[in-house]
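So the structure is just underneath, and the comments pick up after that.
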Amino acid sequence: MSLGVSAIGQGLLYGLLGVGLFLTFRILDFPDMTVEGTFPFGAAVAVSAITHGIHPLVATLLALLAGMLAGLTTGLLSTKGHIPVLLAGILVMTGLFSINLRVMGRANLSLLNQRNLFDTPFLKSLPVYSDSVVVGAIVCAVVVALLIGFLNTQLGQGFIAAGDNPTMARSLGINPAHQQVLGLMLGNGLIGLSGGLIAQNNGYADVNMGIGVIVIGLAAIIIGEVVFGQLSLSQRLIATVLGSVLYRFVLLIVLKLGFAPDDLKVISAVVLAIAIAVPQVESRLRIRRVLRNGVTNNG
Amino acid sequence: MADVQLQLSHVQVNVAVGEEVRPLLTDISLDVAPGDFVTVLGNNGAGKSTLFNAITGDKPLAGGTITLAGTEISRMAPEKRARLIARVFQDPKMGTAPRMSVAENLALATRRGQRLTLGSRKLRQQLPEFQKLAAQTGNGLDKALDKPTEQLSGGQRQALSLLMATMRQPELLLLDEHTAALDPHTSASIMALTEQIVAREKLTCLMITHQLEDALKYGNRLIVLDAGRIVADYDRAAKAKLTQADLLQYFG
């Protein structure tokens, strides 16, 4: 029972990662590798800030800003430096590894005996693990509501159009490069936030905690799409959060089946590869259309 | 109103092929009066699309100036020029955002060239207006306002692109073989719609076409490009006397 509650909480906190990745991977239609550096960057910044006596709420916001800064860097490298965005993301991700070590001063920084966001009297009064459910639900609700609001503004529509058809966007006076930077900043901001929250929930930040998070984010997006089918764009954001929770349950089941935690990454990678590559699975789960949406239309 | 809406003066566009620099447009000078509908003919590689790309800013000028409605636009960024210039592409997929609905595409086009803000897109309030606008295409576009444009037919998409290009009156409308990808029947209906809108809005318009028949039938002026130069320029009177046989001499 408590394992299930923990899975929901973790799923919601990782849901922000899925939503952040959705902005670049699905709306702007490119794979943003920055993610793997941004997630531990957000964690390192939040945990370091807290150990330096900064209020956990402020530290969490710093994680968000740190993520946006990483996204801005990738965006500028790609749009001003004309480096392909995949490589720009890898460069920033690689650079962030050293920066994360500098930020923490070591490879692993604990929050032992430090107050974090989950240490309020109210959250402490709840049953075990449900603190992360409450925090995750609140943050996800606020973030998704704000994003849905944004996507329905003029700017948000321009953002979607820039990802959908850059040629058409340019002919309407929308600069796709600006939208790309905007998307990378928003997306990585949310991923930094996710990292900051996960680190506080786990009680530590680790320089290696970013390895494979892009697969976690993709899994959330694809599970959401497969399970909930054709949805409006706003609904797909919610589906991604729910997909992230479902992914945690999948991991839980895999562990119950007797696999070691060390094997989780290879299992996740194999399952995702099969879902994308095998035509029979693909057509049954309607991934074909979903994938075409994700990898084409890039002008 | 000025006598000249669009003025190209000694426009030169080059392309680098390896070490070598080749001219795509050589010393193009052209004055287009307000309300002129100019059809543009020429062989493949004559420079027709390059001419459009130079006007929109997608290809930088190596020399010369371009003035539109009294403003020099030669150095203006393409996104800035979008306020003045609207374009319909040959490929029906190029002009619309495929995953966005017809109404959403139209709403975007109402803001062409304007600063996008965090204000509401006001989609619902504009629906009756969009309905009326789409109904004039006569191809069922008004019944498809909620559909993603990727589900539309080619003809519906080009009609939508045309509406999007003209709903905020542009200083210049560029039609880049916009019916070439359509079947003859659909092509004819899109051309009819084009003529109707251009006449009603008194638009200044350049239209590239490979259909000699369309080039003669539509517009009040005809120019022929060859190897990056304007080799013939027929005004309304001269164009009226032209035959397809006359034009065939330019295609060898």
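Quick note: the coordinates plus some simple rules give every number you see, no bench work behind them. Everything numeric in this text was worked out from a predicted model, so none of it was measured. Methodologically, a virtual Cβ is constructed for each residue, glycine included, from the backbone with ideal geometry; neighbour enumeration extends over all protein chains shown.
Rounded to whole Hz and in sequence order, give me ³J(HN,Hα) for the stretch A:259-271 from the Karplus expression 6.51 cos²θ - 1.76 cosθ + 1.60, θ = phi - 60°, writing x for Gly and Pro.
The phi angles translate into 6, 7, x, 4, 8, 4, 5, 5, 5, 4, 5, 5, 4 Hz.
Taking one equal scatterer on every alpha-carbon of chain A, how large is log10 of I(q)/I(0) by Debye at q = 0.07, 0.13, 0.15 1/Å?
-0.25, -0.89, -1.19
Hey, if you put +1 on the Cβ of every Lys and Arg and -1 on every Asp and Glu Cβ in chain B, which of B:219, B:243, B:97 ends up farthest toward the positive end of that dipole?
Among B:219, B:243, B:97, the one farthest towards the positive end of the dipole of chain B is B:97.
What are the trypsin sites (Lys or Arg not before Pro) within the stretch B:158-239 that DSSP puts in a loop, where the Cβ has at most 16 other Cβ atoms within 10 Å?
B:168, B:202
Measure off 7 Å from each Cα along the Cα-to-Cβ vector at residue B:229 and residue A:274, then give the distance between these two points in nanometres to one decimal.
A separation of 6.8 nm, rounded to one decimal place.
Once you've got the GNM for chain A with C-alpha springs shorter than 10 Å, pick whichever of A:193, A:16, A:87 has the biggest mean-square fluctuation.
In the Gaussian network model the winner is A:87.
Let me spell out the model: positive unit charges on the Cβ of Lys and Arg, negative unit charges on the Cβ of Asp and Glu, origin at the Cα centre of the stretch B:1-85. What dipole size does that give, in debye rounded to 20?
240
Using θ = phi - 60° and the Karplus curve 6.51 cos²θ - 1.76 cosθ + 1.60, what whole-Hz ³J(HN,Hα) does each residue of the stretch B:113-119 get, with Gly and Pro shown as x?
x, 9, 5, 7, 10, 8, x
Which semi-axes, in whole Å and largest first, does the equivalent ellipsoid of chain B have when worked out from the alpha carbon gyration tensor as the square roots of 5 times its eigenvalues? Intermediate results must be reported in sequence, preceding the final value.
Working: eigenvalues 185, 95, 58 Å².
The three semi-axes for chain B are 30, 22, 17 Å.
Provide the FRET efficiency to the nearest 0.05 for the residue A:257-residue B:125 pair, computing r from the beta carbons and using R0 = 45 Å.
My answer for the efficiency is 0.25.
Could you calculate, for the stretch B:1-127, the ratio of the Cα radius of gyration to the Kirkwood radius, expressed as Rg to Rh? Please report the intermediate quantities before stating the final value.
Working: Rg = 17.4 Å, Rh = 16.9 Å.
Over the Cα atoms of the stretch B:1-127, Rg/Rh equals 1.03.
What is the spin-label model distance, in nm, from residue B:147 to residue B:22 if the labels are put 7 Å beyond Cα along the C-beta direction?
My value for the distance between the label points is 4.2 nm.
Note the full-extension length gain between residue B:91 and residue B:31 as 0.36 nm times their separation in residues minus their Cα-Cα distance, in nm to one decimal.
Value of the extension gain: 18.8 nm.
How many partner chain Cβ atoms sit within 10 Å of a residue's Cβ in peptide B:108-116, on average, as a whole number? Before the final figure, lay out the partial values.
Numbers: counts 10, 4, 2, 7, 4, 4, 3, 4, 13.
Mean partner-chain Cβ count within 10 Å for B:108-116: 6.
What are the residues whose amide H is under 5 Å from the amide H of residue B:221, where those residues sit 5 or more places off or on another chain and H is modelled from the backbone?
B:37, B:39
Which value in nm describes the separation of the simple spin-label points at residue B:213 and residue A:126, placed 7 Å from the Cα toward the beta carbon?
So the label points at residue B:213 and residue A:126 sit 7.1 nm apart.
Of the options A:173, B:33, B:141, report the single residue whose Cα projects farthest towards the positive end of the charge dipole of the protein assembly as shown (beta-carbon charges: Lys, Arg +1; Asp, Glu -1).
B:141
For residue A:65 and residue A:98, FRET efficiency with R0 = 25 Å and r from the beta-carbon atoms, rounded to 0.05? The partial results should precede the final answer.
Values: r = 19 Å, r/R0 = 0.78.
E(calc), rounded to 0.05, equals 0.80.
Taking amide hydrogens as modeled 1.01 Å from N in the peptide plane, which residues meet the under 5 Å criterion relative to residue B:204, leaving out close sequence neighbours?
Residues meeting the criterion, in which the H sits 1.01 Å from N, are B:35, B:173.
Kindly provide log₁₀ I(q)/I(0) values, in the same order as q = 0.15, 0.21, 0.24 Å⁻¹, from the Debye equation applied to equal alpha-carbon scatterers of the stretch B:56-171.
Result of the Debye calculation: -0.70, -1.14, -1.36.
Using amide H atoms built in the peptide plane, which far-off residues or other-chain residues are under 5 Å from residue B:229 H to H?
B:26
How many partner chain Cβ atoms sit within 10 Å of a residue's Cβ in peptide B:120-129, on average, as a whole number?
Numbers: counts 5, 8, 2, 2, 0, 0, 0, 0, 0, 0.
Average neighbour count from other chains, rounded to a whole number: 2.
Return B:20, B:129 ranked ascending by Cβ neighbour count within 10 Å, so the fewest neighbours appear first.
B:20, B:129
So what's the net charge close to residue A:97: Lys and Arg +1, Asp and Glu -1, counting the other residues with Cβ under 15 Å from its Cβ?
So the surrounding residues net to 0.
Thinking of the protein assembly as shown as a set of Cα atoms, what percent of all their pairs are more than 29 Å apart?
Values: 89627 of 151525 pairs.
Result: 59 percent of Cα pairs exceed 29 Å.
Only Lys, Arg, Asp and Glu count, each charged at its Cβ (+1, +1, -1, -1), so figure out the dipole size of chain A about its Cα centre, rounded to 20 debye.
In debye, rounded to 20, chain A gives about 280.
Rule-of-thumb check for the stretch B:1-72: C-alpha Rg over 2.2 N^0.38 Å?
Output field value: 1.16.
Go through the stretch A:97-106 residue by residue and turn each phi into a ³J(HN,Hα) via Karplus (6.51, -1.76, 1.60, θ = phi - 60°); whole Hz please, and just put x for glycine and proline.
The phi angles translate into 4, 5, 4, 5, 5, 5, 4, 8, x, 6 Hz.
As a check on your grasp of the helix formula, calculate [θ] at 222 nm for chain A: sum -39500 (n - 2.57) over DSSP H runs of n ≥ 4, divide by the residue count, round to the nearest 500.
For chain A, the value works out to -24500 deg cm²/dmol.
Please work out whether the stretch A:167-286 counts as rounded, prolate or oblate from its C-alpha gyration tensor, where a ≥ b ≥ c are the square roots of the eigenvalues and a/c under 1.5 means rounded, while otherwise a/b larger than b/c means prolate and anything else oblate?
It comes out oblate by the Cα gyration axes.
For a test of the definition: using alpha carbon positions, the gyration tensor, and the 1.5 limit on a/c, classify the stretch A:1-106 as rounded, prolate or oblate.
Oblate.
So how strong a dipole does the protein assembly as shown carry about its Cα centre when Lys and Arg Cβ are +1 and Asp and Glu Cβ are -1, to the nearest 20 debye?
Taking the Cα centre of the protein assembly as shown as origin, the dipole is about 1080 debye.
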